[in-house]
There are 2 protein chains.
Amino acid sequence: MFPNDLKKHIHKLHQKKYRKEFSEFIIEGVKGVEEALNSDLEIEAVVVEGSRREEKDISRVIALAERVREDVFFCGRNDVDTIKSADTFPGILAIARQYEVGLHDISIGEPIICLDGVRDPGNIGTIMRTADWFGIHHFLLSEDTVDPYNEKAVRSTMGSIARVKTFKSTGIAHSLEKLQKNGYSVIVLDLNGKPLKALKKRKKVIYVFGGESQGVRDEVRALADSTYTIPKIGGAESLNVAVSAAIVMSHISL
Amino acid sequence: MFPNDLKKHIHKLHQKKYRKEFSEFIIEGVKGVEEALNSDLEIEAVVVEGSRREEKDISRVIALAERVREDVFFCGRNDVDTIKSADTFPGILAIARQYEVGLHDISIGEPIICLDGVRDPGNIGTIMRTADWFGIHHFLLSEDTVDPYNEKAVRSTMGSIARVKTFKSTGIAHSLEKLQKNGYSVIVLDLNGKPLKALKKRKKVIYVFGGESQGVRDEVRALADSTYTIPKIGGAESLNVAVSAAIVMSHISL
């Protein structure tokens, strides 16, 4: 009913190297699994804690999985400790294939969010959720940005991971230059730019946000077509990167 | 050099009931302690891990503490496990008195941020940091909102805890009604209001944000003078509350 191989496989996917090797990741929770089943993601398996199969939300997702012909496995209470990623297991998870994304897949003439050295999985997940809300679905990540398929990141997307396309660069400055040659403008957000109000909405543009401690690296800063700032009125020294990204995305979207 | 009483006292302050009993809280880290020493907060003591007293940032804060005549205690490496709140101790902490804040202290004719049932300490801390950035310093918290003096919340404020005044209500609807009688408008942010763009900047206004799961309670919703929404363009089902608050605060501030 719950193959040992599958249990081991899920356990492995908690580690970045195996997520990369298998090009898979785990989505936990009713909402995440439901959105994944309704998205373009390829789902390898759905796992449900057997004792919870009759719960209203969970049984709805099981029915959905069966409708789209996904395998549903039922595990025992004693398997949960091996497969869950957080303190509490929400009763259901799915194994999904990562989208195979090249630079050309994210450069389709729509705005791109570029994260340069963002290390906190909660921040990247929140940024993806916010981007999805505003209809922005293309991400370019620097080599040192946290894995967006990290479980905490996936949880923070609240299902939006199923709708964003992410290209992880091996050389962020090089990727940005390629996109510039392709007609994209690079807009860097930092503490010393023009006021955000002056930023006009455009299509072929990459908005670059730096990580929690260092901000945008000099190499990228040097490439910027322009630099904007969220003006400070009060006392805080900086803004959280997920907050900055949200303010900029709302500015260009609304 | 490092009194046992002080060690026990710091340990107690990790718990909400003692923070309330003593009306104190802990601020960790160079930045937080430095901002606290430069603020109106009353500091009871500064504690430094002795072996780190020569570090540049830490020695600067020690000098500042001595200048403003605060007691500085040095603890040993073996004390750290008892007094730290996170996995890693940043080498310095301060015990600060909580501001004594009544409803009249936050109703001075400036905008107020009201949080109704926000449970995540990271969210409340981030909201306070963002508010401080935009020069908004008055908070009204519902009875079931997380303690803003919780250590994770304090850390997430990145020092802004020293500059915000917070009134914790024992009956949020009643507090809002009192403020309305005093000339304040209650603006609720939720998923079914007028578009944010239509929201005009005003002084005597309370912006109400609901918690992560339930949103704004019906009792408060019934009091609203008006309701606004951050329009959704893409797919996500909701926004993180710290993100919503940031978007609204930037809209009314910039």
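The values are calculated or read from the model by the stated rules, or taken from the named source; none is laboratory data. Only a predicted model underlies this, so the values are computations on that prediction, with no experimental measurement involved. Note that we place each Cβ from the backbone using ideal geometry, even for glycine, and neighbour counts take in every protein chain shown. Only protein heavy atoms, including side chains, enter the accessible area calculation; ligands, DNA and RNA are left aside. Shrake-Rupley method; radii C 1.70, N 1.55, O 1.52, S 1.80 Å.
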Legend entry - HN-Hα J in Hz across region A:147-155 - Karplus 6.51, -1.76, 1.60, θ = phi - 60°, x for Gly and Pro: 4, x, 8, 3, 4, 5, 5, 4, 4
Legend entry - Ascending list, in nanometres, of distances separating the B:L254 label from those of the other copies (7 Å, Cα toward Cβ): 1.1
Legend entry - Buried area at the B-A interface (accessible, heavy atoms, 1.4 Å probe, summed, Å²): 2800 Å²
Legend entry - Solvent-accessible area, 1.4 Å probe, carbon plus sulfur percent, for region A:4-97: 42 percent
Legend entry - Within region B:103-253, percent of DSSP bridges classed antiparallel, to nearest 5: 5 percent
Inset, instruction - Mind telling me which of A:G193, A:G211, A:G117 comes out most flexible in a GNM of chain A, alpha-carbon contacts under 10 Å? - result: A:G193
Legend entry - Occluded residues from region A:206-242, i.e. those whose accessible area drops by 20 Å² or more once the chain is not alone (1.4 Å probe): A:I230, A:P231, A:K232, A:I233, A:G234, A:G235, A:A236, A:E237, A:S238, A:L239, A:N240
Legend entry - For B:F167, net neighbour charge (Lys/Arg +1, Asp/Glu -1) across residues whose Cβ lies under 14 Å away: -3
Legend entry - Considering only chain B, percent of DSSP beta bridges that pair antiparallel, nearest 5: 30 percent
Inset, instruction - Compare A:G125, A:G215, A:G76 in a GNM of chain A, Cα atoms joined below 10 Å, and give the one with the largest fluctuation. - result: A:G76
Inset, instruction - Return one whole number: the accessible area per residue of region B:97-254 in Å², for a 1.4 Å probe. - result: 39 Å²
Inset, instruction - Would you give the gap between the C-alpha center of region B:153-218 and the C-alpha center of region B:74-125, rounded to a whole Å? - result: 19 Å
Legend entry - A:S23 long-range amide H proximity, modeled H, under 5 Å: none
Inset, instruction - Whenever you get a sec, line up B:R129, A:R67, B:R163 from highest to lowest accessible area (probe 1.4 Å, protein heavy atoms). - result: A:R67, B:R163, B:R129
Inset, instruction - Would you kindly work out, in nm and rounded to one decimal, the distances from the label point of B:R119 to those of the same position in each other copy, ordered shortest first, with label points 7 Å along Cα-to-Cβ? - result: 3.0
Inset, instruction - Take the protein assembly as shown, compute every pairwise Cα distance, and split them into 10 Å bins from 0; I just need the percent in each bin. - result: 4, 18, 25, 26, 20, 7, 1, 0
Inset, instruction - Can you send over the carbon and sulfur percentage of the accessible area for region A:103-253, probe radius 1.4 Å, protein chains only? - result: 50 percent
Legend entry - Per-copy distances of the B:A222 label point, shortest first, in nm (7 angstrom along Cα→Cβ): 6.4
